[in-house]
């Protein structure tokens, strides 16, 4: 995995200096806020720290006894009436992915305009990281999760290959990794991806009464990817990920964002051997525009007290709503 980012470079310098104890290095001198790369020697704990006023009260008790992370609240001795919240990685084997997560966290919080907002954003990210690092020690993605991810990556690659597509903006529309309502979404459009490999490939499961409800959108689409699974014919999950990484290699920020999203969905490079013998051969790809009388359940059609609806759609009954790939991509190209 490529992890070429600024915080990783600062960690390397701090590691080479071998100063005993916890040391910090300012991430940037031109920022309005003080953010640091940290390193603790000889324990080899890599970290990131955010400085904020002692008047801002936060509770980090929720982050005690984490398996892979250590969260500290210390005085920032460089400034008066200032605290540091420090997030340290306890196991250097996860250093690459932690560097990517820290870099993306820094890039997201520098957009904020107050220390209080930054601290709240950091706490929110920590709550997400708690779950993610637990996943990293699991047995990997299930067969169903692998198949679903392959379908989403298939669509993501199509978007990235569009002429003049901004990779960073495209990646920000991939929200399925965050358990969002649909897999890809922008302010005016959304795309739900369904990937099937069953004896009845024309039947897709819809999760919830809002998934195919376009009420708040200008355009809502369904991308159906039918695949054949084998042990040697087609493309593996590892291969499509390598291909997308190669598309992004000239854009470090986009590549880091892609790798962190893979982490969020539960794909870890350390598990790659689990996926190398499962190949997906695309049998068919179909695109549908969700509009008018497309067969679905909408939120405003439910009786009071009914929610969490799950149902199946027979796509053979939806041919009149078929559109071409170019029609869909041209609609969403101005991301």
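The values are calculated or read from the model by the stated rules, or taken from the named source; none is laboratory data. Computed from a prediction, not measured in an experiment: that's the story for all the values here. We place every Cβ from the backbone using ideal geometry, glycine too, and count neighbours over all the protein chains shown.
The single residue among 273, 251, 286, 256 that is at pLDDT below 95 and more than 21 Å from residue 100 (Cα to Cα) turns out to be 273. The single residue among 156, 160 that is buried (at least 21 other Cβ atoms within 10 Å of the Cβ) and under 24 Å from residue 101 (Cβ atoms) turns out to be 156. Among the residues of the range 63-78, count how many are in contact with a helix residue (DSSP H, G or I) (Cβ under 8 Å, 6 or more places away or on another chain), in a loop (DSSP other than H, G, I, E, B) and surrounded by 12 or more Cβ atoms within 10 Å (Cβ to Cβ). Count: 2. Look through the range 79-91, keep the residues that are touching a strand residue (DSSP E or B) at 6+ places or on another chain (Cβ under 8 Å) and farther than 23 Å from residue 44 by Cα, and return whichever of them is surrounded by the most Cβ atoms within 10 Å (Cβ to Cβ). Going through the qualifying residues, I end up with 82.
Inside the range 255-308, can you point out the residues that are outside any helix (DSSP H, G or I), buried (at least 16 other Cβ atoms within 10 Å of the Cβ) and under 26 Å from the mean Cα position of the chain (by Cα)? Hits for the range 255-308 are 266, 267, 268, 275, 278, 279, 280, 286, 287, 288, 289, 290.
If you go through the range 319-335 and pick out every residue that is outside any helix (DSSP H, G or I) and at pLDDT below 95, you end up with 3. Looking across the range 233-254, the residues that are in contact with a strand residue (DSSP E or B) (Cβ under 6 Å, 6 or more places away or on another chain) and assigned to a loop (DSSP other than H, G, I, E, B) come down to 233, 234.
Considering 168, 150, 221, the condition of being more than 21 Å from residue 265 (Cα to Cα), modelled with pLDDT of 90 or more and either part of a loop (DSSP other than H, G, I, E, B) or in contact with a helix residue (DSSP H, G or I) (Cβ under 8 Å, 6 or more places away or on another chain) (or both) is satisfied by 221 alone. Residues in the range 197-210 that are without any contact (Cβ under 8 Å) to a residue 40 or more places away in the chain and either surrounded by 19 or more Cβ atoms within 10 Å (Cβ to Cβ) or part of a strand (DSSP E or B) (or both): 0 in all. Selection of first residues in the range 106-126 that are on the phi < 0 side of the Ramachandran plot and in the same structural domain as residue 81 (by TED's automatic domain parsing) and of second residues that are at pLDDT below 85 and surrounded by 15 or more Cβ atoms within 10 Å (Cβ to Cβ), restricted to Cβ pairs under 8 Å at least 6 apart or on distinct chains, gives the following pairs, ordered by first then second residue: 107/253.
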